[in-house]
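Below is one structure, written out as structure tokens; the observations come after it.
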């Protein structure tokens, strides 16, 4: 467990230093190791507490490495890099294949349904309001997270993500009420919702 904890922190620090520079021409993101250790400590403990299969421990550890990195990058620079979201999707399908309660067919349907539905809704709203509503990186992140949850949990996943996103927007609007808000990152709400429901499934599996 200690090995995975230390490795997770090192990998995340490497991702935050290199991906913004290489793919977005942005500055490195520097996060104190102590905060990353605090974040990963309860995540890693949860993985070991509710799983005894080595392959599932590895896959869930990768899941947390990817979502923590995506969370921080979206908050800091407003991007969700494909180089992280695509592996998140494929590893989610692998997880569904390996987990005793997994269903890879349901996961594939979840990926397709979640991506197409959110794309359709967003496109319709954009045509009505004549302004961008959601980044395409959010579509991919939603589909990637859906792979980990499966088709039946999509409504709960969407509902919690939407609620968190609205709450975050409301808080930012009240705090910066005299300023024009041009962009609100939705990635963190998606990630928190996916993490919550995946953890819920682990407890009840």
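A compact table of results
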item: Every residue from segment 1-40 that is farther than 13 Å from residue 65 by Cβ and modelled with pLDDT under 90; result: 1, 2, 3
item: Members of segment 188-205 found to be over 19 Å from residue 139 (Cα atoms) and touching a residue at least 60 places away in the same chain (Cβ under 8 Å), listed by number; result: 199, 201, 202, 203, 205
item: Residue satisfying all of: in segment 83-94; farther than 20 Å from residue 39 by Cβ and within 12 Å of the chain's Cα centre (by Cα); surrounded by the most Cβ atoms within 10 Å (Cβ to Cβ) among these; result: 92
item: Filter result (part of a helix (DSSP H, G or I) and either modelled with pLDDT under 75 or farther than 16 Å from residue 82 by Cα (or both)) within segment 120-140; result: 120, 121, 122, 123, 124, 125, 126, 127, 128, 129
item: Some residue of segment 21-44 being assigned to a helix (DSSP H, G or I), touching a residue at least 60 places away in the same chain (Cβ under 8 Å) and within 18 Å of the chain's Cα centre (by Cα); result: no
item: Tabulated pairs, segment 146-157, first free of Cβ contacts under 8 Å to residues at least 60 places away in the same chain, second outside any helix (DSSP H, G or I), C-beta under 8 angstrom, 6+ apart or interchain; result: 150/102; 150/103
item: Residue within segment 82-92 that is in contact with a helix residue (DSSP H, G or I) (Cβ under 6 Å, 6 or more places away or on another chain) and modelled with pLDDT under 95 present; result: no
item: Condition met for residue 124 (closer than 30 Å to residue 51 by Cβ and more than 18 Å from the chain's Cα centre (by Cα)); result: no
item: Residue ID - modelled with the lowest pLDDT, chosen from residues in segment 142-167 that are more than 18 Å from residue 121 (Cα to Cα) and surrounded by fewer than 18 Cβ atoms within 10 Å (Cβ to Cβ); result: 167
item: Residue that is surrounded by the fewest Cβ atoms within 10 Å (Cβ to Cβ) [pool: residues in segment 47-57 that are part of a helix (DSSP H, G or I) and more than 17 Å from the chain's Cα centre (by Cα)]; result: 54
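The values are calculated or read from the model by the stated rules, or taken from the named source; none is laboratory data. As the structure is a computational prediction, the values presented were derived from the model and not from experiment. Backbone-built Cβ (ideal geometry, glycine too); neighbour counts: all protein chains shown.
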